[in-house]
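Novice: Quick one: this structure, given as structure tokens, is what I'll be asking you about.
The values are calculated or read from the model by the stated rules, or taken from the named source; none is laboratory data. Every value quoted in this text rests on a predicted model; they were computed, and no experiment measured them. Cβ placement follows ideal geometry from the backbone for every residue including glycine, while neighbour counts extend to all protein chains displayed. For accessibility, only protein heavy atoms count, side chains too; no ligands or nucleic acids. Shrake-Rupley method; radii C 1.70, N 1.55, O 1.52, S 1.80 Å.
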Amino acid sequence: MKRLFFIVVALVAFNIYAAEPYRLPFVEIQNGTIKIPFIEQEWVLGTERADWLLYLEKGMLKEHKSMYEFHAVTAYNKPYHSDGLSADVSKIYTYGVLNCNEANLYILFEWYVDVNENIVFKSSHEFGSYIVEMLTPSSARNDIYNQICKETI
């Protein structure tokens, strides 16, 4: 009986530590610059278009549920110049909450990164103020919704 109890406790503890949520690898350089290095092994290709690739954090595809912490990165094949930021943007990292039942993505943070992986702009939004509807047919967001949520509805 003690052995069974020990095994159950060990399995519960393993699941708690194994379920560590994904976090972006922010790196602060001595001059105060903050970078987000793109480590491709931590991502899986979700969808692509002619000008960009959209990667998803691997953990989102491990199990199906109705809500997810959403981590994605849009990597542009050719960086685009943003006049508002006065910088060339090569990637946009997105963090939010994906609600599969409502088919909505609630974006909370976005980090715009230049070709050297330096953060050039960060935007933050209150929950519910920036909502992306996921069911637009033939769109990248619909591709992502189908991959992540299809089995949960």
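Novice: Pick from the range 49-70 the residues that are more than 15 Å from the chain's Cα centre (by Cα) and modelled with pLDDT of 85 or more: which of them is nearest to Lys122 (Cα to Cα)?
Specialist: Trp52
Novice: Next question. Which one is least open to solvent (accessible area, probe 1.4 Å) among residues in the range 48-61 that are part of a strand (DSSP E or B) and of a type in the set (A, V, I, L, M)?
Specialist: Leu56
Novice: Does at least one position in the range 96-116 carry a residue that is in contact with a Cys (Cβ under 6 Å, 6 or more places away or on another chain) and either within 22 Å of Ser138 (Cα to Cα) or without any contact (Cβ under 8 Å) to a residue 40 or more places away in the chain (or both)?
Specialist: Yes, the range 96-116 has at least one match.
Novice: Moving on. Mind checking whether some residue in the range 136-151 is out of contact with any helix residue (DSSP H, G or I) (no Cβ under 7 Å at 6 or more places or on another chain) and assigned to a strand (DSSP E or B)?
Specialist: No, there is no match, as no residue in the range 136-151 is out of contact with any helix residue (DSSP H, G or I) (no Cβ under 7 Å at 6 or more places or on another chain) and assigned to a strand (DSSP E or B).
Novice: Restricting the range 71-86 to residues that are within 20 Å of the chain's Cα centre (by Cα) and aliphatic (A, V, I, L, M), which is nearest to Arg49 (Cα to Cα)?
Specialist: Ala75
Novice: For the structure I just gave you, tell me whether Leu45 is under 15 Å from the mean Cα position of the chain (by Cα), exposed (fewer than 15 other Cβ atoms within 10 Å of the Cβ) and assigned to a strand (DSSP E or B).
Specialist: yes
Novice: Output the number of the condition that Pro21 fails; it satisfies all remaining conditions of (1) over 15 Å from the mean Cα position of the chain (by Cα); (2) modelled with pLDDT under 80.
Specialist: With respect to (1) over 15 Å from the mean Cα position of the chain (by Cα); (2) modelled with pLDDT under 80, Pro21 is out only on (1).
Novice: Condition first: charged (D, E, K, R) and in a strand (DSSP E or B). Now tell me which residues in the range 63-102 satisfy that.
Specialist: Glu69, Lys78, Asp88, Lys91
Novice: Restricting to the range 26-47, give me the number of residues that are among the polar types (S, T, N, Q) and either touching a Phe, Trp or Tyr at 6+ places or on another chain (Cβ under 6 Å) or touching a residue at least 12 places away in the same chain (Cβ under 8 Å) (or both).
Specialist: 2
Novice: In the list Val120, Val97, Val115, Val132, which residue meets the criterion of being within 16 Å of the chain's Cα centre (by Cα) and closer than 25 Å to Ile34 by Cβ?
Specialist: Only one candidate qualifies: Val97.
Novice: Anything in the range 103-129 that is polar (S, T, N, Q), in a strand (DSSP E or B) and over 28 Å from Gln30 (Cα atoms)? List them, or say none.
Specialist: Of everything in the range 103-129, just one residue is polar (S, T, N, Q), in a strand (DSSP E or B) and over 28 Å from Gln30 (Cα atoms), namely Asn104.
Novice: Follow-up question, since we're still on this one. Does the range 117-125 contain at least one residue that is hydrophobic (A, V, I, L, M, F, W, C) and open to solvent by 80 Å² or more (accessible area, probe 1.4 Å)?
Specialist: yes
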